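FYI, it's all coordinate maths here, none of it is from the lab. These figures come from a predicted structure and were not determined experimentally. All Cβ positions, glycine included, derive from the backbone under ideal geometry; neighbour counts span all protein chains shown.
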Amino acid sequence: MNSEQTPGLYIHIPFCLSKCLYCDFYSSTTLSALPHFLEALFKEMAMYRNQFNPFNTVYIGGGTPSLLSPQQLESILIRTREIFDLTSNPEITVETNPADLSQSYLESIREIGINRINIGVQSFDQKVLGFLGRRHSVKQAISAIEASRKAGFHNIGLDLIYGVPEQTIDSWLDILKQAVVFAPEHLSCYQLTLEAHTPLGKRYQAGEFSIPGEDLQYELFMKTPQFLEDMGYIHYEVSNFARGTEYTSRHNQKYWDHSPYLGLGPAAHSFQNNRRWWNYRSVDQYVTAINAGNSPLEETEILTMDQLRLEALYFGLRTKKGVNFEDFRNRYQYDLLAEKEKTLSKLQEEGFISLQDGHLYPTPTGLAIADRISLI
Ligand code: SF4
């Protein structure tokens, strides 16, 4: 582990008031289980005492963490500090739904030490929010962003979704223009994915609506950095943009560079050295296992060097940092430059990657098709 690879802590809050129609994340709408979940979470924290210290990021995600009261969020942070060590200036993020964010709520969660807020805006078009089955309105999204600033948040991230039915380049650029008015420090722009088992996935399969075809999706993807870079944002990962390097997500970086991270709560994933493990994807199973004194682990996998290499390349091709050939050779025992000279030259000629200063970087076109580039 080098100095950049300080561990991160992820805490999954597995509750939502209602399910969005496209959602594939694990969350339950049975809020009565929340107190039992919190008790179990504190016990799970204790199971990992001394195994990861110190963390320099804490990411409270979900689900909908903003369903928790400021006191409940504070109790999580107090336990975290009691059980684990945190570095002196940790990034502490909470994911939120705009509908939950009153001025007093935001001031309270800022006071307990949360210094980064991610707001699930998704769209500034009320029709799109309705289609996605979101429980907040555009009006609530706008007042949540303004109230977050007023509450003293200097690191605000907005999530947006594109590629919805009837989307045009202009309608997407219009959404982006509305977002940058608030000068958020971070923007995540995700293409709508329609998993078959979600309500929207089923309606799509039944032919009830269509979404932009591949060419338009590609254009939507390419226009996004063109617009946001003009507005001063850095396109640092396929879907992520920051208004300066200091605002890139320190926590998410850990998923992309094989840093260790501990994930707590149902369905949460963890990674350390070459081992990945994850918890039951069910609040009931999670709470029952922990209360019986057992681990809530559903499965563990040990990654081979080949698997680690493939993952490192996959992530490297999705990030602006790219792949440093020397680091790659040291860490994954593979001389990419020597072993894959022909493939690299071909990808460079095709305009998908560039090779400079001992690095492989994805080009903008390369980022658009990062999932499909194969190197080894
Ligand atoms: S708020 Fe997030 S986690 Fe909850 S249902 Fe909607 S998309 Fe899924």
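See the values below:
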read-out: The range 81-101: number of residues that are touching a helix residue (DSSP H, G or I) at 6+ places or on another chain (Cβ under 7 Å) and of a type in the set (S, T, N, Q); value: 3
read-out: Members of the range 110-169 found to be part of a helix (DSSP H, G or I), among the charged types (D, E, K, R) and farther than 19 Å from Cys23 by Cα, listed by number; value: Arg110, Glu111, Lys139, Glu146, Arg149, Lys150
read-out: The listed residue being of a type in the set (A, V, I, L, M, F, W, C), touching a residue at least 24 places away in the same chain (Cβ under 8 Å), within 14 Å of the ligand (Cβ to nearest atom) and in contact with a Phe, Trp or Tyr (Cβ under 9 Å, 6 or more places away or on another chain), out of Ala151, Ala141; value: Ala141
read-out: Test result for Thr30, closer than 19 Å to Ala267 by Cα, exposed (fewer than 13 other Cβ atoms within 10 Å of the Cβ) and not acidic (Asp, Glu); value: yes
read-out: The listed residue being surrounded by fewer than 22 Cβ atoms within 10 Å (Cβ to Cβ), assigned to a strand (DSSP E or B), of a type in the set (S, T, N, Q) and in contact (Cβ under 8 Å) with a residue 40 or more places away in the chain, out of Thr93, Thr87; value: Thr87
read-out: Number of positions in the range 1-22 that are touching a helix residue (DSSP H, G or I) at 6+ places or on another chain (Cβ under 9 Å), more than 19 Å from Leu73 (Cβ to Cβ) and not acidic (Asp, Glu); value: 8
read-out: Residue check for Leu194: under 30 Å from Ser28 (Cβ atoms), in a strand (DSSP E or B) and not hydroxyl-bearing (Ser, Thr, Tyr); value: no
read-out: Answer residue from the range 96-122, given it is over 20 Å from Val58 (Cβ atoms) and among the polar types (S, T, N, Q) and is surrounded by the fewest Cβ atoms within 10 Å (Cβ to Cβ) among those; value: Ser104
read-out: Test set (1) crowded, with 20+ Cβ neighbours inside 10 Å; (2) more than 17 Å from the chain's Cα centre (by Cα) - Gln272 fails condition number; value: (1)
read-out: Residue within the range 21-38 that is more than 16 Å from the ligand (Cβ to nearest atom) and touching a residue at least 24 places away in the same chain (Cβ under 8 Å) present; value: yes
read-out: In the range 40-81, the residues that are of a type in the set (D, E, K, R) and either touching a residue at least 12 places away in the same chain (Cβ under 8 Å) or not in a helix (DSSP H, G or I) (or both); value: Lys43, Glu44, Arg49, Glu74, Arg79
